[in-house]
Amino acid sequence: MNDRSRTTSQPAATIPPDDPQRKLTLARPDEDKKLPHISVAGDTYTILVSGADTAGRYCLIDMHVPPGGGPPPHRHDFEEMFTILEGEIEVTFRGAKSVGRAGETVNIPANAPHFFKNASDRPARLLCLCSPAGQEEFFRLIGDRVESRTAPPPKLSEAERAERMAKADALAPKYRTEILRP
């Protein structure tokens, strides 16, 4: 039996009643001025659906990754999945490189070391789903707000970049993340 044929179904249980306190979330990343657009490591991340919207089950982030962009090597104890909407990214997973292109999905299992880079000459757009939620809060705390989904990052001095990295290093354990350095 291969991994794809296994199911994770649980024994039959009663489905809880609807919670009318929870509201529908409809994200319009190019129209909704209230959505947070956050510059992190030169990329722009728009939080479409937060843990507050999903009772902590997951978050969904629209990622605009310019040529050369992408996060540093890291790992975390939650699942992360990328669906590439535009462009392509080079994913390094446990040291092995793969290329993901528009229309493809990449799943990163919890705890595995990985990173990605836009090695092409045009921007890439990804949807990133993290389960459970929390990564979006980490991004809010370490990044800088920008005006739109495709806004360039702010011009930071060397000292400001070092400050952002120190903040990320300090907050990473709280958000179940380890930034990997050689």
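Please treat every number below as a calculation from the coordinates, not as lab data. The shown structure was predicted, so the numbers you read here are calculated from the model rather than taken from an experiment. Glycine gets a Cβ as well: all are built from the backbone with ideal geometry, and neighbour counts include every protein chain shown.
Before moving on, here are some points about what is shown:
- For Glu178, the conditions (1) more than 27 Å from Asp77 (Cβ to Cβ); (2) in contact (Cβ under 8 Å) with a residue 60 or more places away in the chain; (3) touching a helix residue (DSSP H, G or I) at 6+ places or on another chain (Cβ under 8 Å) are fulfilled apart from (1).
- Test: residue in the range 100-108 that is among the hydroxyl-bearing types (Ser, Thr, Tyr) and touching a Lys or Arg at 6+ places or on another chain (Cβ under 7 Å): no
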